[in-house]
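Read the structure below first, then the notes.
No lab work stands behind these numbers, since they all come straight from the coordinates. Everything numeric here is computed off the predicted structure, so don't read it as measured data. Cβ: placed from backbone, ideal geometry, glycine included. Neighbour counts: every protein chain shown.
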Amino acid sequence: MDVFNARFPTGSEVRVVRNVRNDGSFSGKEKGDLLIEAGETGIVRSSGYFLQNQVIYEVFFPERNRIIGVRDTEVIDASLEWIPCLFRSLDKAYLTLALKMKGEIIAVKGDIVEVQRVYRDLETGKLDYEIEVAGHLVKLDSRALREIEAEPETAASL
């Protein structure tokens, strides 16, 4: 019985969704060195299992002339719209909209919030952020947050 669940067959073009650093297994680079940046695309050369339950792809990145092993959870189809991840856990950001819960406003546009977690849908490429606001964890589309260095939009600027 074949239980191999690779999402991408050999020859598929994929995009990495997070920075890939050397875990010590890539020769010629120091442990921790950046090997591939989030958003770069490559071509699947083969796939297999690591620890009997993690699908690993051998991906060739032509722009760097480098072959890297990446986990299934680190890649999406390269044809999907690329939405860069601007925030990590504990980063601060501006809200681009007001939030209401049970008819009451719990946050207004321009409020500064703290990102708790990042979610990337591996099938669609969609990016969401979980924030904490008014004692609640709220999951928002990536467009609902702006970088803190930028001035928040006000109703007058729309």
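Around Ile56, with a cut-off of 9 angstrom between Cβ atoms, what is the net charge of the other residues, counting Lys and Arg +1 and Asp and Glu -1? Display every interim value, and only then the final one.
Details: positive: Arg71; negative: Glu58, Asp72.
Counting the neighbours of Ile56, the net charge comes to -1.
Among residues other than Thr73 whose Cβ falls under 11 Å from its Cβ, what is the net charge (Lys/Arg +1, Asp/Glu -1)?
Local charge sum for Thr73: +2.
Below 8 Å, C-alpha to C-alpha, sequence gap of six or more: please give me the relative contact order for the chain in percent.
Values: 306 pairs, mean separation 25.7, N = 158.
It rounds to 16 percent for the chain.
How big is Rg to Rh over the stretch 13-77, alpha-carbon atoms, Rh as the Kirkwood inverse-mean-distance radius?
On the way: Rg = 11.1 Å, Rh = 11.9 Å.
Rounded to two decimals, Rg/Rh equals 0.93.
At R0 = 25 Å, how high is the FRET efficiency between Ser25 and Gln52 if r is their beta carbon distance? Nearest 0.05 is fine.
Details: r = 18 Å, r/R0 = 0.73.
So, using R0 = 25 Å, E works out to roughly 0.85.
Give the aspartates and glutamates whose C-alpha is closer than 20 Å to that of Lys31, dropping any in the same chain fewer than 8 places away, or say none.
Hits, sequence-local ones excluded: Asp23, Glu58, Glu74.
Tally Lys/Arg at +1 and Asp/Glu at -1 over every other residue whose Cβ is under 14 Å from the Cβ of Ser27; what's the total? Numbers along the way, then the final one.
Values: positive: Lys29, Lys31, Arg66; negative: Asp23, Glu30, Asp33.
Its environment carries a net charge of 0.
Excluding residues on the same chain fewer than 8 positions from Lys102, give the lysines whose Cα lies under 19 Å from its Cα.
Qualifying lysines at Cα under 19 Å: Lys139.
The stretch 10-69 to the stretch 88-104: how many Å between their Cα centroids?
A separation of 34 Å, based on Cα centres.
Could you order peptides 72-83, 112-123, 20-31 by the average number of other Cβ atoms within 10 Å of their residues, highest first? Don't skip to the answer; put the middle values down first.
Working: 72-83: 16.9, 112-123: 14.7, 20-31: 12.1.
Ranking the peptides 72-83, 112-123, 20-31 by packing returns 72-83, 112-123, 20-31.
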